[in-house]
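These notes concern the structure reproduced below.
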Amino acid sequence: MSNANGGLGFVFGAVIGAGIGAVAGLLLAPRSGEETRAMAADSMSDVWDKAVDAYEKGANQVASKINSVTPTVNAKTDELRAKVDLARERVDQLRSTLSDSVNQASANVQDAINTVASKADDAAERAEAAAADVKVENVEA
C-alpha cells in the first residue's frame, strides 16, 4: 500500500514540478514567444509521457501483484471449501449416529418400561391370588 501511495505521490510531484518549471522557464527565458511556446509544448509533452509511463508502470506492478497472489488465494479458497465440505459430512455422520443412538435408547427404554409393567402386572395378580387365599377371622378378646 505505501509503495502505491509513494508512486502516486511521485507522479503527482513530478507533474507539479514540471508545471512549475515550465512556468519559470517561460518567465525567465530570453527567447521569442514562438520558441518559448514550442519549448513549453515539448516540456508538457515530456511531462505527459512521463506521467503515462509512471501510470503504466504502476498499473503493471499492481497487475503483477494480483497475478502473484491469485494462485495462493485460489488454493486457500479450495482448501477452505474442502474443509467445510468435510466438516459438513462429519456433522451429517454425527447427526445420523446420534439419531440412531437416540432411537435405540428410546426402544431400550420402551422395552424396559414394558418389562417393568409386565412384572408389575404379574406381581399384582400374585398378590390378588394370595389375598384371596387369606382368611381373616375376628378374634374377640
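All of the numbers you see were taken from the coordinates with simple rules; none came from a lab. Fair warning: this is a prediction, and the values are worked out from it, not measured in the lab. Cβ: placed from backbone, ideal geometry, glycine included. Neighbour counts: every protein chain shown.
Can you classify the chain as rounded, prolate or oblate using the Cα gyration tensor, where a ≥ b ≥ c are the square roots of its eigenvalues, rounded means a/c under 1.5, and otherwise it's prolate if a/b beats b/c and oblate if not? Prolate. Does anyone have the angle between helix 33-133 and the longest principal axis of the chain? Alpha-carbon axes, 0 to 90°, nearest 10? The helix 33-133 is inclined about 0 degrees to the chain. Among all stretches of the chain without exposed trypsin sites (Lys or Arg not before Pro) (DSSP loop, at most 15 other Cβ atoms within 10 Å), which one is longest? Result for the longest clean stretch: 32-134.
Listed by chain and number, the lysines placed with their C-alpha closer than 27 angstrom to that of LYS76 are LYS65; residues fewer than eight positions away on the same chain are left out. The Cβ shell under 13 Å around VAL11 holds other residues with a net charge of -1, Lys and Arg each +1, Asp and Glu each -1. The residue list ASN67, ALA112, TRP48 was ranked by how far each Cα lies along the charge dipole of region 2-130 toward its positive end, using unit charges on Cβ atoms, and TRP48 comes out on top. Counted by neighbouring Cβ atoms within 10 Å, the residues GLU128, GLU140 run from fewest to most as GLU140, GLU128. Give the angle, between 0 and 90 degrees and rounded to the nearest 10, that separates the Cα long axis of helix 2-28 from the longest principal axis of the Cα atoms of the chain. For helix 2-28, the angle is close to 20 degrees.
Toward the positive end of the charge dipole of the chain, with +1 on the Cβ of Lys and Arg and -1 on the Cβ of Asp and Glu, the farthest Cα among PHE10, LEU94, ALA124 is that of PHE10. With contributions of -39500 (n - 2.57) from each DSSP H run of at least four residues, the per-residue ellipticity at 222 nm computed over the chain stands at -34500 deg cm²/dmol.
If the cut-off is a Cα-Cα distance under 19 Å, which lysines reach LYS135, setting aside same-chain residues fewer than 8 apart in sequence? Of all the lysines, none pass the test against LYS135 - Cα under 19 Å, at least 8 places apart if same chain.
Comparing ALA40, ALA59, ALA129 in a Gaussian network model of the chain (Cα springs below 10 Å), the most mobile by mean-square fluctuation is ALA129.
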